[in-house]
Amino acid sequence: MKVLVVRQPWAWLIVHGFKDIENRSMRTEYRGPLLIQASARLPTKRKLAEDRLYAKKCGADLPEGFETGGIVGLVHLKDCVTSSKSKWFEGPIGWVLSKPKRLRFVPLKGQLGLFDAPWKVLNRLGLKP
């Protein structure tokens, strides 16, 4: 199973079913289950305040705190598109996400791009490798 690292608050919005598009600069041929890992770093207070306003305009009230540095949920990567009617699409490539599911937090050191989930993490989450 693949893992994608996403900064907060976007990881929270994805796994709670608000954000159905993840904007990226490149496509992937991968389709299927995708673990969402919250980046270890939070945005600046100013950026987080801007993100809160944007999320509120899109119908989401963000929590005060966020889990960072580990797996927070699971989604299904359906497609990669260059345009979308989703309010979350900014481009240039939108990864279309569905079936969001919150998972219990499991710490994991992130990597760039898509990477394979370590079997120990899958085991802790009760998922099959």
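General observations
Each row is one residue, and each column tells you yes or no for (1) of a type in the set (Lys, Arg); (2) at pLDDT below 95; (3) under 17 Å from Gly17 (Cα atoms); (4) touching a Pro at 6+ places or on another chain (Cβ under 6 Å).
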residue	(1), (2), (3), (4)
Arg52	yes, yes, yes, no
Gly59	no, yes, yes, no
Gly65	no, yes, no, no
Val72	no, no, yes, no
Leu97	no, no, yes, no
Pro100	no, no, yes, no
Leu103	no, no, yes, no
Val106	no, no, no, no
Gly110	no, yes, no, no
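- Condition check for Gln111 on (1) open to solvent by 40 Å² or more (accessible area, probe 1.4 Å); (2) within 13 Å of Val3 (Cα to Cα); (3) in contact with a Lys or Arg (Cβ under 8 Å, 6 or more places away or on another chain): one failure, at (3).
- With respect to the conditions (1) among the hydrophobic types (A, V, I, L, M, F, W, C); (2) crowded, with 16+ Cβ neighbours inside 10 Å; (3) assigned to a helix (DSSP H, G or I), Leu62 lacks only one, and its number is (3).
- Tally of residues being open to solvent by less than 40 Å² (accessible area, probe 1.4 Å) and touching a residue at least 60 places away in the same chain (Cβ under 8 Å) across the range 24-36: 3
- Residue tally, condition under 22 Å from Ala117 (Cβ atoms) and surrounded by 16 or more Cβ atoms within 10 Å (Cβ to Cβ), over the range 37-59: 3
The values are calculated or read from the model by the stated rules, or taken from the named source; none is laboratory data. In this text, all values refer to a predicted model and were calculated from it rather than measured experimentally. All Cβ positions, glycine included, derive from the backbone under ideal geometry; neighbour counts span all protein chains shown. Please note that ligands, DNA and RNA were not included when accessible areas were found on the heavy atoms of the full protein model with its side chains. Shrake-Rupley method; radii C 1.70, N 1.55, O 1.52, S 1.80 Å.
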